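The values are calculated or read from the model by the stated rules, or taken from the named source; none is laboratory data. All figures in this text were calculated on a predicted structure; none of them were measured in a lab. Virtual Cβ from ideal backbone geometry, glycine too; neighbours counted across all protein chains shown. Only protein heavy atoms, including side chains, enter the accessible area calculation; ligands, DNA and RNA are left aside. Shrake-Rupley method; radii C 1.70, N 1.55, O 1.52, S 1.80 Å.
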There are 2 protein chains.
Amino acid sequence: MSSRSHGNASAEAVQRGAVYQMKAEFFRVLGHPVRVRILELLRDGERTVGDLQHELQMDSSGTSQHLGVLRKHGILEGRREGTSVYYTVRDPRIFQLLEVARQILTSSLIESQAVLGELTTRN
Amino acid sequence: MSSRSHGNASAEAVQRGAVYQMKAEFFRVLGHPVRVRILELLRDGERTVGDLQHELQMDSSGTSQHLGVLRKHGILEGRREGTSVYYTVRDPRIFQLLEVARQILTSSLIESQAVLGELTTRN
DNA sequence: CAGTAGTCTTAGAAAGCAATAAGGCAACGC
DNA sequence: GCGTTGCCTTATTGCTTTCTAAGACTACTG
């Protein structure tokens, strides 16, 4: 069986479904405060696990688990040097993604603040 | 108490935590295949619930629930007209976000295909 | 070689999320 | 008014994710 799609409508539907599944999984990986924070910490370059652990105020196990999730999905990459492991973000467009998300959230917050302002000044 | 932060370090830490929490929640909302699909369907303009329901091949309840999640987080907006409700994406930058995500996933897939190719040709 | 620091893995408990099913509410047509 | 259509809500049950704790592995250090 070829992986190319031609003619089989339901197979194509399944493949289309798989694409949405992948995208959703990707977002779900970003959907944890600790992991978002890790990515932002890695914006300025690589960091060791211990370093991140300290910044996150989290124990070794938790830090490692979240790094593991990000690594398993190909978002992070680890490089061992002695006893330390240095992590980096593999695709810098991740930062672009975070930036767009920040913009969306910011204007959404500004909007709701404006609404709040109207409420408090008029009533 | 002012919402402005000055002097209280732990309060600032809490606020910083809240920001990561918000970003993570935002991504988690996008982290479901049906919701990703809904957003892509809304790329070309507004749609009624029944319309979406038909495209998603999903019952009224499920469709409504996912739309509800997106609406509650300010991503979608609903407008009633007769018995139908038309939904739209509030911030078009959402599409930019989806596009960046698509690019990241695409090159990640190409990379792994290249690795797969090396494996199969060499061994 | 024994001890230590750094990282990762696993298992089990707790929490959160999603699918289904059942019912409710609002607007329209007869 | 009565029934119908379209949409939303709630409750339940099952699944997935996350947290905590314990231990294991690897690479350095004396």
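Table for the structure above
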item	result
Qualifying residue in region A:102-119 (condition: away from chain B (no Cβ under 14 Å) and modelled with pLDDT under 95)	yes
Selection status of B:Glu25, open to solvent by 50 Å² or more (accessible area, probe 1.4 Å) and either at pLDDT 95 or above or within 12 Å of DNA strand C (Cβ to nearest atom) (or both)	yes
Within region A:47-101, considering residues that are within 16 Å of DNA strand D (Cβ to nearest atom) and acidic (Asp, Glu), the one farthest from the other protein chains (Cβ to nearest Cβ)	A:Glu81
Tally of residues being more than 9 Å from A:Leu30 (Cα to Cα) and assigned to a helix (DSSP H, G or I) across region B:27-38	8
Subset of region A:38-97 that is of a type in the set (D, E, K, R) and farther than 28 Å from B:Leu97 by Cβ - its residue that is most open to solvent (accessible area, probe 1.4 Å)	A:Arg80
